[in-house]
Amino acid sequence: MAHPLLKLVSHGLQLWLRAQCDALDHLHLDLEGTPGGLLKGRLEVARLQARGVVWGACRLSRAIITCRDLQLDPGRIRPGQPMALSVPLRVGLEVWCSAMDLQHMMLGAGDAAIGVALLAHFRGLSAGNCRGWRLQMTDAGLCLLPPARQAGTPPLLLQLRAVDHRITVHGQEAPDRPATIPLDPAIRIHDLRIDAQHLHVRGEALVTP
C-alpha cells in the first residue's frame with residue numbers, strides 16, 4: 001500500500017496539472033520516493049503521461065512530463081490544493097502534436113498569431129488574407145495550403161528545427177530568412193522531429209514556486 005503522504009502528493013500533482021489545462025482526456029501518474037524523503041517533502045521522480053491536452057490555444061495529442069528531485073513544502077501540502085514547491089523545479093517535457101493540433105494552434109478560428117505571423121513573414125500576407133489556410137503534415141515538414149478563393153497561390157512549404165533552444169521555421173522560398181516561434185522564456189527546446197503523423201518535441205521548463 002502506498003504511503004499516505006505519497007497519496008497526498010500524487011493527488012496534489014494531478015490537481016496542479018489539471019488546473020493548468022482547459023481539458024485533459026487521460027492522465028497517468030507514476031511517483032518514486034522513500035517514506036523518509038516523503039516526510040521531508042522530497043520526491044525522487046514524478047512522471048506524468050497525458051493525452052488530449054488543451055491549454056489555452058495549445059493542443060497536444062500526447063505529453064510526458066518528468067520531474068526529478070521534487071522538493072515540496074510539507075507545511076503547505078493540503079488535500080485539494082495544487083503543488084507547494086519549496087524550490088524551483090526543472091521539468092522534462094516531451095510532447096506530440098498531430099496535424100489537427102497544429103491546424104488549431106497555427107491556423108485556427110480567428111487570426112491565429114503563429115499562422116498569421118508565418119504567412120506575413122514568408123508571403124507578406126495581411127491578416128485578412130490568412131483566413132481559410134489549411135495545414136498538412138508530411139515527412140519533409142509542414143505544408144500550408146491556400147483557400148480556394150486564392151486560386152493560383154502556391155502552397156507554403158515549411159521546415160521546423162530546434163536552434164539555440166528555440167523553434168525556428170524555415171520557408172522553402174526564403175531558406176536564409178527563418179522565423180522564430182515565440183515561447184515562454186522558461187521553456188528550452190532540445191530536439192524536434194516531424195513525420196507524416198506527428199510533430200515530436202523534447203525540451204524542459206523551469207517551474208517556480
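Between Val207, Val201, the distinction of being modelled with pLDDT under 90, within 15 Å of the chain's Cα centre (by Cα) and either open to solvent by 50 Å² or more (accessible area, probe 1.4 Å) or within 26 Å of Gly56 (Cα to Cα) (or both) belongs to Val207 only. Here the condition is being surrounded by 16 or more Cβ atoms within 10 Å (Cβ to Cβ), out of contact with any Asp or Glu (no Cβ under 6 Å at 6 or more places or on another chain) and either modelled with pLDDT of 85 or more or closer than 19 Å to Val201 by Cα (or both); of Ala120, Ala99, it holds for Ala99 alone.
Consider Arg134 carefully, then state whether it is open to solvent by 60 Å² or more (accessible area, probe 1.4 Å), among the charged types (D, E, K, R), at pLDDT 90 or above and over 20 Å from the mean Cα position of the chain (by Cα). So Arg134 fits the description; yes. Mind checking whether some residue in segment 154-171 is part of a helix (DSSP H, G or I), of a type in the set (A, V, I, L, M, F, W, C), in contact with a strand residue (DSSP E or B) (Cβ under 7 Å, 6 or more places away or on another chain) and buried (at least 16 other Cβ atoms within 10 Å of the Cβ)? Scanning segment 154-171 turns up no residue that is part of a helix (DSSP H, G or I), of a type in the set (A, V, I, L, M, F, W, C), in contact with a strand residue (DSSP E or B) (Cβ under 7 Å, 6 or more places away or on another chain) and buried (at least 16 other Cβ atoms within 10 Å of the Cβ). There is no residue in segment 152-167 that is touching a Pro at 6+ places or on another chain (Cβ under 7 Å) and at positive phi. Within segment 172-193, the residues that satisfy the criterion of being assigned to a strand (DSSP E or B), open to solvent by less than 90 Å² (accessible area, probe 1.4 Å) and either touching a strand residue (DSSP E or B) at 6+ places or on another chain (Cβ under 6 Å) or of a type in the set (S, T, N, Q) (or both) are Pro178, Ala179, Thr180, Ile181, Ile187, Ile189, His190, Asp191, Leu192.
Tallying residues that are hydrophobic (A, V, I, L, M, F, W, C) and open to solvent by less than 60 Å² (accessible area, probe 1.4 Å) within segment 137-153 yields 5.
In segment 44-69, what residues are farther than 21 Å from Ile181 by Cα and either surrounded by 15 or more Cβ atoms within 10 Å (Cβ to Cβ) or among the acidic types (Asp, Glu) (or both)?
Our first condition is that a residue be farther than 21 Å from Ile181 by Cα; within segment 44-69, this holds for 44-52, 64-69.
Glu44, Ala46, Arg47, Leu48, Gln49, Ala50, Gly52, Ile64, Ile65, Thr66, Cys67, Asp69 - these are the residues of segment 44-69 that are farther than 21 Å from Ile181 by Cα and either surrounded by 15 or more Cβ atoms within 10 Å (Cβ to Cβ) or among the acidic types (Asp, Glu) (or both).
Of everything in segment 30-43, what is part of a strand (DSSP E or B) and either modelled with pLDDT of 85 or more or open to solvent by less than 30 Å² (accessible area, probe 1.4 Å) (or both)? Give them in sequence order. Answer for segment 30-43, where residues must be part of a strand (DSSP E or B) and either modelled with pLDDT of 85 or more or open to solvent by less than 30 Å² (accessible area, probe 1.4 Å) (or both): just Leu43.
The values are calculated or read from the model by the stated rules, or taken from the named source; none is laboratory data. Source: prediction; values computed, not measured. In this analysis, Cβ positions are derived from the backbone assuming ideal geometry, glycine residues included, and neighbour counts consider all displayed protein chains. Each accessible area value is taken on the protein alone, full model and side chains, heavy atoms only, with ligands, DNA and RNA left out. Shrake-Rupley method; radii C 1.70, N 1.55, O 1.52, S 1.80 Å.
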